[in-house]
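This report concerns only the one structure given below.
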Amino acid sequence: MMSPPLGLYLHIPFCRQRCDFCAFYLEIHREGRAQAFVQSLIQEIGLSAQQHVAAGRPIQSVYIGGGTPTVLATTQLIAILSGIRTHLALASDCEITVEAHPSTITEQDLVQLLQAGITRMSFGAESMEDGDLARIGRPGAVCETVTAVTQARAAGFTNISLDLMYGLPGQSLEGWQRTLAYCLTLEPTHLSCYALTVEEDTRLAFNIQRRRSPAPDESLQIEMDEAAQRMLGDAGYERYEVSNYAKPGYACRHNLLYWTNGEYLGLVPSAQSYLDGTRFGNVADLATYDTSLAENRLPIADRIRLSEKEQLRDAVIFGLRLIQGIPTHRLHQHAANYGHAAITARLLAQQLIEEDGERSRLSARGRLQADTIAGQLY
Ligand code: SF4
């Protein structure tokens, strides 16, 4: 029997500085610290291959995210990739993505990454207006995004994604539309558009409390979401998930694994994994991570085996985010399992979830409330 697809996620926990809105686990990049981290990570890849992954089970997608993977030297990224190839089997058509901050990469780096087998570059653009970037404490300038995309294409990358955020402090609907229009001139194959959310204990949350920055305006974010759907749809992008748009054939295979409740192995501090019906996560502390691996132990902090009902619950909640949706009978089975029949009926009556024949999915309005609906169905 063919094994189900398996993905590999690597979280590189370093950035040059922390953006005002960011609550990810990370440290400020220092060369010595990064070199020790790369050694630990290669050790973790080897141990994980022995303990978690059935011999020869091919990996269909690798996603190197962060943090900012490209604050590592390109030689370090290539050493990590080589560690993966040594210990794990990659499918011949494996999608291998590297996230990059546009100001941390050169044309030479891009050429070397392509030669090393990276198939997809994802640039964190956030906005195409310098004023927006300044107001969220995001280092770098729009011209660096343009240069990075141009150089990636010149290097030979044919699959290029841009990450954008909307609902930024001081950003108008017209400003967001200008950002989208500018992005379209760069002709990426994939775009992720995330509504700004205010995370606790971030500088942005502090600034909003002190009234130095406006709180996100939900109704404006809804208008911005609708504008994105309209403009990107007109330009030939398919919305395949709440926040993601792709040209036909360019949906991110790795992210689709998460939304179809597929299996993935997450490495490095704070990464989460889902294998054989079990979710497990690594310690979110770099020093503990290094110590554990120096002692030849995987740095797993928690592990939970999901019952069949819990596996179905997760499959329903993630799958509703996809435009292709889920089989309707699974939604109703989950509702019966958790006593959610009344909630589900209300979401259907309010047309936040729509059913067409045998499939169910969030409606356009439901997608704007995806996290709230997930909470209700949990
Ligand atoms: S570059 Fe990304 S990961 Fe790093 S601080 Fe900014 S938002 Fe967070």
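The values are calculated or read from the model by the stated rules, or taken from the named source; none is laboratory data. The structure presented is a predicted model; accordingly, all values stated were derived computationally and were not measured. Neighbour counts are summed over all protein chains in view; Cβ atoms, including those assigned to glycine, are modelled from backbone coordinates with ideal geometry. Please note that ligands, DNA and RNA were not included when accessible areas were found on the heavy atoms of the full protein model with its side chains. Shrake-Rupley method; radii C 1.70, N 1.55, O 1.52, S 1.80 Å.
State the volume of the convex hull built on the alpha-carbon positions of the range 1-145, expressed per residue in Å³ and rounded to an integer.
Working: hull volume 17.2 nm³, N = 145.
In the range 1-145, the Cα convex hull volume per residue is 119 Å³.
Please sort by residue number the trypsin sites (Lys or Arg not before Pro) in the range 225-331 whose DSSP state is loop and whose Cβ has at most 16 other Cβ atoms within 10 Å.
Loop-located and lightly packed - 297.
Using only the alpha carbons of the range 204-269, what is the convex hull's orientation-averaged projected area in square nanometres?
7.4 nm²
Go through 92, 74, 28 and say which Cα lies farthest out towards the positive end of the charge dipole of the range 1-155; charges sit on Cβ, +1 for Lys and Arg, -1 for Asp and Glu.
92
Give the Rg (one decimal place) followed by the Dmax (whole number) of the range 241-372, computed from C-alpha coordinates and expressed in Å.
Considering the range 241-372 through its Cα atoms, Rg and Dmax are 17.8, 56 Å.
Can you report the principal axis dimensions of the chain using only the alpha carbons, biggest first, rounded to whole angstrom?
55, 50, 42
As a check on your grasp of the helix formula, calculate [θ] at 222 nm for the chain: sum -39500 (n - 2.57) over DSSP H runs of n ≥ 4, divide by the residue count, round to the nearest 500.
Numbers: 15 runs with 162 residues, N = 378.
Roughly -13000 deg cm²/dmol at 222 nm, from the helical runs in the chain.
In µm²/s, what is D for the range 298-378 at 20 °C and 1.002 mPa s, where D = kT/(6 pi eta Rh) by Stokes-Einstein and Rh is the Kirkwood radius from Cα pairs?
Result for D is 164 µm²/s.
Taking only the alpha-carbon atoms of the range 331-378, what semi-axes of the equivalent ellipsoid follow from 5 times the gyration tensor eigenvalues under a square root, in whole Å, largest first? Don't skip to the answer; put the middle values down first.
Details: eigenvalues 50, 35, 15 Å².
Values for the range 331-378, descending: 16, 13, 9 Å.
Mean separation of Cα pairs under 8 Å and 6+ residues apart, divided by the residue count of the range 121-276: what relative contact order is that in percent?
Numbers: 195 pairs, mean separation 31.4, N = 156.
Result for the range 121-276 is 20 percent.
Over the residues of the range 274-344, compute the C-alpha Rg and express it relative to 2.2 N^0.38 Å.
Values: Rg = 17.4 Å, N = 71, 2.2 N^0.38 = 11.1 Å.
So the Cα radius of gyration is 1.56 times the expected 2.2 N^0.38 Å.
With the full set of protein chains in place, find how many percent of the accessible area of the range 163-296 is carbon and sulfur; take the probe as 1.4 Å.
47 percent
What do you get for GluC sites (Glu not before Pro) in the range 292-378 restricted to DSSP loop and a cutoff of at most 15 other Cβ within 10 Å of the site's Cβ?
Taking the range 292-378 and a limit of 15 other Cβ atoms within 10 Å, the loop GluC sites (Glu not before Pro) found are 295, 358.
Suppose a student asked you for the relative contact order of the range 239-367, using Cα pairs under 8 Å spaced at least 6 residues apart; what percent would you report?
This gives 19 percent for the range 239-367.
Solvent-accessible area of residue 290, probe 1.4 Å, all protein chains present, reported in Å² to the nearest ten, please.
Approximately 30 Å² for this residue.
Using +1 at the Cβ of each Lys and Arg and -1 at the Cβ of each Asp and Glu in the chain, identify which of 121, 50, 6 lies farthest towards the dipole's positive end.
Going by the Cα projections, it comes out as 50.
Give the residue list of GluC sites (Glu not before Pro) in the range 198-277 that are DSSP loop and have at most 10 other beta-carbon atoms within 10 angstrom.
Hits after loop and neighbour filter: 200.
Any chance you could list the semi-axes, whole Å, largest first, of the equivalent ellipsoid that the Cα gyration tensor gives for the range 174-230, using √(5λ)?
Taking √(5λ) for each eigenvalue gives 26, 13, 10 Å, largest first.
Return the inverse of the average 1/r over all pairs of distinct C-alpha atoms in the range 116-257, which is the Kirkwood hydrodynamic radius, in Å to one decimal.
In the range 116-257 this quantity evaluates to 15.8 Å.
With an 8 Å cut-off on Cα pairs and a minimum separation of 6 or more residues, tell me the relative contact order of the chain in percent.
Relative contact order for the chain comes out at 16 percent.
Quick one: Debye curve from the C-alpha atoms of the range 108-170, no solvent, what's log10 I(q)/I(0) at q = 0.16, 0.18 Å⁻¹?
-0.55, -0.66
Can you give the % of DSSP beta bridges in the chain that are antiparallel, to the nearest 5? Walk me through the numbers before you get to the answer.
Details: 23 of 57 bridges.
Around 40 percent of the beta bridges assigned by DSSP in the chain are antiparallel ones.
May I ask for the percentage of alpha-carbon pairs in the range 267-313 that lie more than 16 Å from each other?
Here the long-distance tail beyond 16 Å is 42 percent of all Cα pairs in the range 267-313.
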